[in-house]
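The values are calculated or read from the model by the stated rules, or taken from the named source; none is laboratory data. Small disclaimer: the values here were computed from a predicted structure and weren't measured. Every residue, glycine among them, receives a Cβ derived from its backbone with ideal geometry; neighbour counts consider all protein chains shown.
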Amino acid sequence: MNQQFFCSNNKLGKAVTPEQFDLIIAAVLDGKYSWACVLMLRFYDYNPAQYIPYATYNRLLKENRQLEQRKATLEKQLSSSQNQFGNSLGLLRKPEKTTDLVKSTQKNLPEKKVYSCQCHICQRLGDSPEKELHAQMNLLLSRLNEQQRRWYVALEAKKLGHGGVKQMSQVTGIHADTIRRGRKELDQFLAARPVDRVRQVGGGRSQRKKTTSTKVQITNSVATSA
């Protein structure tokens, strides 16, 4: 009896691995105290069948075997769902390739040409603050639309005072009449200019439909006179 007790102490002195300890704790937290005892006996090299009734031991083995199978099935389903989710993300990321294609196309498009100032200062050799200022003006103008360019140059011409229109026309290449038109619009605080469009309503080329109807009328009149 003492020898058996000594062996039991030796077995209890055995260290369990962290994975085995986690399994015991998980069983306790799940309320499976009987199964936790089975695990402890196994991990300490005891035969649970010698300490637990045979029918009870078989029932515990069967229940936990089924539980392990269900866990394995759930893990497979979860893995499959993750793969499907990853594929869905891949489909969602495909438009990024389209975006990259648009970006590369935009890079290949010719950039707007920046006007080179023709004033007497910029025609001289060497650098100067005026040259840098005029270069920055023309760079800014290349990024603006038609009416914004007109207003900006008109405002700069107004700052210069007398002769400003002619000077800004040399600097920017914009016609003097266009600059005067911009000054007139600014003097009116852009009251007649639309906010949501560059040109006035009805501006630009006439619709092709009207031209076609005019041609039809002329054809009909010629046919009638004949």
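Being modelled with pLDDT under 95, surrounded by 11 or more Cβ atoms within 10 Å (Cβ to Cβ) and of a type outside the set (Phe, Trp, Tyr) narrows it down to one residue among ARG205, ARG143, ARG199; which is it?
Just a single option satisfies the conditions, and that option is ARG199.
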Original post:
Which of the residues belonging to region 133-151 are touching an Asp or Glu at 6+ places or on another chain (Cβ under 8 Å) and among the basic types (Lys, Arg)?
Top reply: ARG150
Original post:
Here are some conditions: (1) touching a residue at least 12 places away in the same chain (Cβ under 8 Å); (2) surrounded by 15 or more Cβ atoms within 10 Å (Cβ to Cβ); (3) small (Gly, Ala, Ser). GLY164 meets all but one. Which one does it not meet?
Top reply: (1)
**OP:** State whether the residues of region 94-111 include one that is charged (D, E, K, R), surrounded by 11 or more Cβ atoms within 10 Å (Cβ to Cβ) and at pLDDT 60 or above.
**Re:** no
Subject >> Yes/no for LEU41 being among the aliphatic types (A, V, I, L, M), free of Cβ contacts under 8 Å to residues at least 12 places away in the same chain and in the same structural domain as LEU67 (by TED's automatic domain parsing) >> reply: yes
Original post:
Out of region 113-132, which residues are surrounded by 11 or more Cβ atoms within 10 Å (Cβ to Cβ) and either part of a loop (DSSP other than H, G, I, E, B) or not charged (D, E, K, R) (or both)?
Top reply: VAL114, TYR115, SER116, CYS117, GLN118, CYS119, ILE121, CYS122, GLN123, ARG124, SER128
Original post:
Can you name the residue in region 33-47 that is more than 13 Å from TYR57 (Cα to Cα) and in a loop (DSSP other than H, G, I, E, B) and is also modelled with the highest pLDDT among such residues?
Top reply: TYR46
Subject >> Lone unmet requirement of (1) surrounded by 13 or more Cβ atoms within 10 Å (Cβ to Cβ); (2) in contact (Cβ under 8 Å) with a residue 12 or more places away in the chain; (3) not in a helix (DSSP H, G or I) for TYR152 >> reply: (3)
